[in-house]
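The values are calculated or read from the model by the stated rules, or taken from the named source; none is laboratory data. This one's a predicted model, so the numbers in the text were calculated from it and none came from an experiment. Don't worry about glycine lacking a Cβ; one is built from the backbone with ideal geometry, like all the others, and counts go over all protein chains shown. For accessibility, only protein heavy atoms count, side chains too; no ligands or nucleic acids. Shrake-Rupley method; radii C 1.70, N 1.55, O 1.52, S 1.80 Å.
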Amino acid sequence: MSDERVRGFPAFGAAGARGRFAKSWWGRAWLSAMEDTALDLRQLKAGRRYAAAGLVGPITVSPGRIAAMVDDADGGPYRTELRLAELSEVDWTRFLDRVASRAGHLAALLDRDMPHDLVEAADDAGVHLLPGIGDLDPECDCPGWELPCKHAAALSFQASWLLDADPFVLLLMRGKGEREIREELESRTAPRDELAAVDRAPGELPDLAAFQPTGAPSLPAAPGVPAEAFALLVANASARARAVLAREPWPGRRHDAVRLAAEFPDAADRLGDGPEFRRAVAAWTHGGPAGFDVLEGAWTPPKAALAAARTALADVTDEEPVFDRNRCTVGDVQVRLDHQGRWHPYRLEDGTWWPAGAPETDPGLLLG
């Protein structure tokens, strides 16, 4: 194993607790995978305190594992690990092909961002990057029997800080280091750049992009169609062509109008009007397709998801939450659960619930 596939991070110390854990959506998904498996919520709360107090030592990340020594007033330090299965080479090929095929995905990942639609596209291809319930396997040499114990929970909470700063940490746990990933992505995209720079030999086809016909009259402007509308149509046609090539589903007509209005705010007034359309655009802007779905539809979540929400809300409010299927109301705030386990916030305005922000896996973070 090369050094590039083993990364060490210094201890955060108590000074590391400058904000809440897991600010990124993928960091929150990491914590949810641990929290949803926990048998004892007291261990989670103790682990949160240990992480904030800086009792976790330097952290080492390598394929399939993240490890650290965790101190304890009652003993220790204890050697603690979290294990996560590596992706197969077939899965890596599918994932990297998907990243390289979308310029936006490639740019976001190299900028240390993990877009929702990239992870969803990977899921559609059968490649699950983020851990789910039971995927994180904690180990600790402390005498406790509960898993995750407070030491493993503390390591997991601090690991969410690492993931927030760099999603390549998650990809390393899944089996490949950043340099290796970059090289493989370059090998998938370089041929297109190289073709443009090749000197053509006599008899080969010329570069058609450089061909400029002369004497052709310019096309007349379309009567009544603003010039910026053409840019919108071109962008939409390009997005649809990419979806067809990637065999991705395409939204229906109303979904499409809402999506375009969210992605091109300057054109929103030409795509639709009225408060219901504006609410739909706000839902898509904050939460994408899932945000639009919870605006229009209701569904019945598993009892475990609702129980976890009650626990999270009890930590931040004394008001009794009112549940109605996947919707939960606390005062003038309502949160709606999507099928990905994220809660979308709504605020009551003139008797109507309006989308009010980005979703969170912990509904307690949306109150206030």
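Would you pick out the residues in region 8-30 that are of a type outside the set (F, W, Y), under 18 Å from V70 (Cα atoms) and modelled with pLDDT of 80 or more?
Residues satisfying the conditions are G8, P10, A11.
Give me a count of the residues in region 75-85 that are open to solvent by 60 Å² or more (accessible area, probe 1.4 Å), in contact with a Leu (Cβ under 9 Å, 6 or more places away or on another chain) and either under 17 Å from W26 (Cα atoms) or charged (D, E, K, R) (or both).
Number of matching residues: 1.
If you take the residues in region 58-74 that are out of contact with any Pro (no Cβ under 7 Å at 6 or more places or on another chain) and open to solvent by less than 20 Å² (accessible area, probe 1.4 Å), which one is modelled with the lowest pLDDT?
Among those residues, the one meeting the criterion is D72.
Going through region 340-358 one residue at a time, which ones are over 22 Å from E35 (Cα atoms) and either open to solvent by 80 Å² or more (accessible area, probe 1.4 Å) or without any contact (Cβ under 8 Å) to a residue 24 or more places away in the chain (or both)?
Matches in region 340-358: Y346, R347, L348, E349, D350, G351, W353.
Under 21 Å from the mean Cα position of the chain (by Cα) and of a type in the set (S, T, Y) - does that describe any residue in region 54-64?
For region 54-64, residues under 21 Å from the mean Cα position of the chain (by Cα) and of a type in the set (S, T, Y): absent.
For region 16-63, name all the residues that are of a type in the set (A, V, I, L, M, F, W, C), under 16 Å from P138 (Cα atoms) and in a loop (DSSP other than H, G, I, E, B).
A38, L39, listed by residue number.
Given the condition open to solvent by less than 80 Å² (accessible area, probe 1.4 Å), at pLDDT below 75 and within 30 Å of F12 (Cβ to Cβ), answer yes or no: does some residue in region 138-146 qualify?
Yes, because at least one residue in region 138-146 is open to solvent by less than 80 Å² (accessible area, probe 1.4 Å), at pLDDT below 75 and within 30 Å of F12 (Cβ to Cβ).
Being free of Cβ contacts under 8 Å to residues at least 12 places away in the same chain and within 29 Å of A257 (Cβ to Cβ) is the filter here, so list the residues in region 297-320 that pass it.
Scanning region 297-320 gives a single hit, G297.
Being over 28 Å from A304 (Cβ atoms) and out of contact with any His (no Cβ under 7 Å at 6 or more places or on another chain): is that true of L44 here?
Spelling it out, it is not the case that L44 is over 28 Å from A304 (Cβ atoms) and out of contact with any His (no Cβ under 7 Å at 6 or more places or on another chain).
Looking at (1) of a type in the set (D, E); (2) touching a strand residue (DSSP E or B) at 6+ places or on another chain (Cβ under 8 Å); (3) not in a loop (DSSP other than H, G, I, E, B), find the lone condition where D293 falls short.
Looking at each condition in turn, D293 falls short on (2).
Go over the candidates D362, D315 one by one and state the one that is open to solvent by 30 Å² or more (accessible area, probe 1.4 Å), touching a helix residue (DSSP H, G or I) at 6+ places or on another chain (Cβ under 6 Å) and modelled with pLDDT under 85.
On the way: D362 fails: modelled with pLDDT under 85.
Checking each option against the conditions leaves just D315.
For region 319-339, name all the residues that are out of contact with any His (no Cβ under 9 Å at 6 or more places or on another chain), modelled with pLDDT of 85 or more and either open to solvent by 30 Å² or more (accessible area, probe 1.4 Å) or of a type in the set (V, I, T) (or both).
Once the filter is applied, which keeps residues that are out of contact with any His (no Cβ under 9 Å at 6 or more places or on another chain), modelled with pLDDT of 85 or more and either open to solvent by 30 Å² or more (accessible area, probe 1.4 Å) or of a type in the set (V, I, T) (or both), region 319-339 yields E319, E320, V322, F323, D324, R325, R327, T329, V330, G331, D332, V333.
Kindly establish whether L170 is touching a residue at least 24 places away in the same chain (Cβ under 8 Å), closer than 16 Å to A85 by Cα and crowded, with 21+ Cβ neighbours inside 10 Å.
It is true that L170 is touching a residue at least 24 places away in the same chain (Cβ under 8 Å), closer than 16 Å to A85 by Cα and crowded, with 21+ Cβ neighbours inside 10 Å.
Which of (1) open to solvent by less than 30 Å² (accessible area, probe 1.4 Å); (2) without any contact (Cβ under 8 Å) to a residue 24 or more places away in the chain; (3) not charged (D, E, K, R) is the odd one out, the single condition G54 does not satisfy?
Here G54 clears every test but (2).
Got a sec? Which helices (runs of 4 or more DSSP H) wholly within region 86-126 have at least 1 residues that are open to solvent by 70 Å² or more (accessible area, probe 1.4 Å) and in contact (Cβ under 8 Å) with a residue 24 or more places away in the chain?
Because the criterion is at least 1 residues that are open to solvent by 70 Å² or more (accessible area, probe 1.4 Å) and in contact (Cβ under 8 Å) with a residue 24 or more places away in the chain, the helices (runs of 4 or more DSSP H) in region 86-126 that meet it are 89-101, 116-124.
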